[in-house]
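The values are calculated or read from the model by the stated rules, or taken from the named source; none is laboratory data. These numbers were taken from a predicted model, which means no experiment stands behind them. As a convention, Cβ positions derive from the backbone with ideal geometry for all residues, glycine included, and neighbour counts pool all protein chains shown. Heads up: the accessible areas ignore ligands, DNA and RNA and are worked out on the full protein's heavy atoms, side chains in. Shrake-Rupley method; radii C 1.70, N 1.55, O 1.52, S 1.80 Å.
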Amino acid sequence: MIRVAHSPDADDAFMFWAMAAGRIDTGDRRYVHELADIETLNRRALAGELEVTAVSIHAYAHLSGRYALLAHGASIGDRYGPRVVARAPAPADPRATLAGRTVAIPGTLTTAWLALQLYQPAVRPVVVPFLEIEDYVAAGKADAGLLIHEGQLTFGDRGLHLWADMGEWWHAETGLPLPLGGNVVRRDLGDELMRGVARDLKASIEYGLAHRAEALRHAQGFSRGLDTARTDRFIDMYVNTYTVDYGPAGRRAVAELLERGHRAGLIPGPIDVAFLSANS
């Protein structure tokens, strides 16, 4: 059995649905699916516990010796991404205003946190489970919050205001999309099995996209309160052509993000990223 771990979110549920439901032929490869929030998965991958898992691209900088980055299953924001929100309306210069402010973040290995540090290195982080960040900020426990997953769409429901979108900022800086999460496979499985995993994951994503209505119904059960329209929008944001394969722009974006993180002293490196493809 191969353990494959991912977040209990609508986008991951969508892309792994065909694999979990037996809709694709995986040969003699049998998978057991485990669900946990992304920071927990990052930490478990650091310990080498899982054969296949979703991780933050930030975390991958610490994992590249033990895990290969699959070319399939990416969550990439093209001019959108994690959002900094606060109780007050956005100031004229949010970047400067955030210096020295307390920001609730979803974990120190998340790509959201890496991007925020590149945007404004002088913020003061406090780690809060991602599901609790909106309430944490609304209650005045932090000056701002860094939202991932569905929070990117729901913060206005809590009366919070957008100060900065990390994906929008990143695109203005680099002209590239922001690579947030990917899937990795442990290298000790061996080349043949690793390639098989890559083929299965790509096939699962493609099947879901080809049977969108059915995959969306499944994903709705993991949408944490989003209505169907917003679940559909969220999946459009993070299950797309980049998810099938990073492509040239996605690959450049990963390299650029890790290089900038290394230059800023935020990650070990430099990291030479090689993408394991279903066709390799």
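Restricted to segment 35-126, the set of helices (runs of 4 or more DSSP H) holding at least 1 residues that are aliphatic (A, V, I, L, M) and modelled with pLDDT under 95 comprises 38-46.
Selection within segment 217-267: residues that are aliphatic (A, V, I, L, M) and open to solvent by 20 Å² or more (accessible area, probe 1.4 Å). The member of this set that is farthest from Ala74 (Cα to Cα) is Ala264. Of all the listed residues (Gly65, Gly27, Gly48), the sole one being at negative phi and open to solvent by 10 Å² or more (accessible area, probe 1.4 Å) is Gly65.
Residue count for segment 76-94 under the criterion of being in contact with a strand residue (DSSP E or B) (Cβ under 7 Å, 6 or more places away or on another chain) and exposed (fewer than 15 other Cβ atoms within 10 Å of the Cβ): the result is 3. Taking the criterion of being at positive phi and under 21 Å from the mean Cα position of the chain (by Cα), the residues of segment 182-228 that qualify are Arg224, Gly225.
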